[in-house]
Amino acid sequence: MSYGALIAAGLASQLAFASEDGSTDSAASCATAVANSSEATACALASELERGFVYPAVGERYAAMLRGNVASGAYASLGGRELAERLTSDLQAVQSDGHLRVSVAEADAEHQPRAGSGERPSMVEQPGWIAPGIAFVRFNGFPGDSAVTAEAAKFMEEHKEAEAIIFDIRTNGGGGIDQMDVIFPWLFDKPTRLVTMATRRSIDEEMGSMFGNPTLIESGSTPQEVVREHWIAPNEHGELRDARVYVLTGPRTGSAAEHFALAMKHTGRATLVGEATYGANHFGGENLLPGGFTVFVPVGRTYDPVTGKDWEGDGVAPDVEVSVEQALEWVLRQEGIPADEAKTLSDARTPKRPLRKKAS
């Protein structure tokens, strides 16, 4: 299951929660909110965050702010995208989070690219031999899609004789760990702990594990969190265990792609080249809200099992810092490709997706 596949919960019974400070006005405003009004949306959002946000104390702060704003009439005149943007802005002002956002459900559906429209590149892009002995592949996402997982497995099988392998995740916004679980067994010579993932216990007990992968092993859980470690075991193929591995990263490398990057960096199995990743750590999923809105609620975190540090807000730093546009060229030159040829090869593999977020 992907980082964004949390099942939406029922909301009707959650509109009358008391505020953090017990404010009678705030609680009363939510208890009397008209169905599908902007106030009902904000009150349901408060309850969702109080119930499920990865850090309970922060979830309570979000909820108190939202209920206070409902009581003051701050959202009464808002609707549609304007309401979604205001709610998101208010939440980020309390505490920023790379995943937490409110969206208009209908608008999001309308703006999804149609199959075959050419608006969205494939998840696996330009796989193959970029130079003798050097394999290259770009992953634009890690979806919960068995066909993409099969493509990843096929790439590894067909390039098992590589002396060096380059994983380009500069345009990868995330997903899940299915593709990682068919890539990593080729690269390690012993069972290896990659990262640690902790989910808020109340959500894990209510919904079950967000990730059904057998590579996630419960370990060290607490009364507040269910903790699982992502482990990988080597497969029967030994050809790539000594191969040089590079991971290209940048400011549009997000979420599960940052999981990939941290796993490679933490274990020392790859050299990260480019710029720091986006910094969206907390995994979760979309929940429905009244009035035709959705909210992505972060319910868990992924972190370095040694340091305990995650990448929220900071991103995963590269081992070799060069501009995201020149990351592939740097790797090719490092591998002995002449400068002019390295630039030509790199230019021929410019991603279809932008490497940087467009300036607003």
Which pairs have Cβ atoms under 6 Å, sit 6 or more apart or on different chains, and link a residue in region 68-96 that is without any contact (Cβ under 8 Å) to a residue 40 or more places away in the chain and polar (S, T, N, Q) to one that is crowded, with 16+ Cβ neighbours inside 10 Å and outside any loop (DSSP other than H, G, I, E, B)?
-> T88/R101; T88/V102; Q95/V58
Would you check if Q92 is part of a helix (DSSP H, G or I) and either more than 21 Å from V245 (Cα to Cα) or modelled with pLDDT of 95 or more (or both)?
-> yes
Scan region 179-189 and give yes if some residue there is over 22 Å from G274 (Cβ atoms), without any contact (Cβ under 8 Å) to a residue 40 or more places away in the chain and assigned to a loop (DSSP other than H, G, I, E, B), otherwise no.
-> no
Of the listed residues (W311, W330), the one being in the same structural domain as R193 (by TED's automatic domain parsing) and within 30 Å of L45 (Cβ to Cβ) is W311
Any residue in region 273-296 that is assigned to a helix (DSSP H, G or I) and under 12 Å from the mean Cα position of the chain (by Cα)?
-> no
From the set of residues in region 297-308 that are more than 14 Å from Y62 (Cβ to Cβ) and among the β-branched types (V, I, T), which is nearest to the chain's Cα centre (by Cα)?
-> T302
Note down all Cβ pairs under 7 Å where the first residue falls in region 201-214 and is closer than 17 Å to D178 by Cβ, the second is charged (D, E, K, R) and not in a loop (DSSP other than H, G, I, E, B), and they're at least six residues apart or on different chains.
-> N213/D181
Exactly one of G285, G212 is modelled with pLDDT under 95 and either within 30 Å of A35 (Cα to Cα) or basic (K, R) (or both), and that residue is G285
In region 51-61, is there at least one residue being more than 24 Å from R200 (Cα to Cα), assigned to a helix (DSSP H, G or I) and out of contact with any helix residue (DSSP H, G or I) (no Cβ under 6 Å at 6 or more places or on another chain)?
-> no
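The values are calculated or read from the model by the stated rules, or taken from the named source; none is laboratory data. All of these numbers come straight from a predicted model, not from anything done at the bench. Methodologically, a virtual Cβ is constructed for each residue, glycine included, from the backbone with ideal geometry; neighbour enumeration extends over all protein chains shown.
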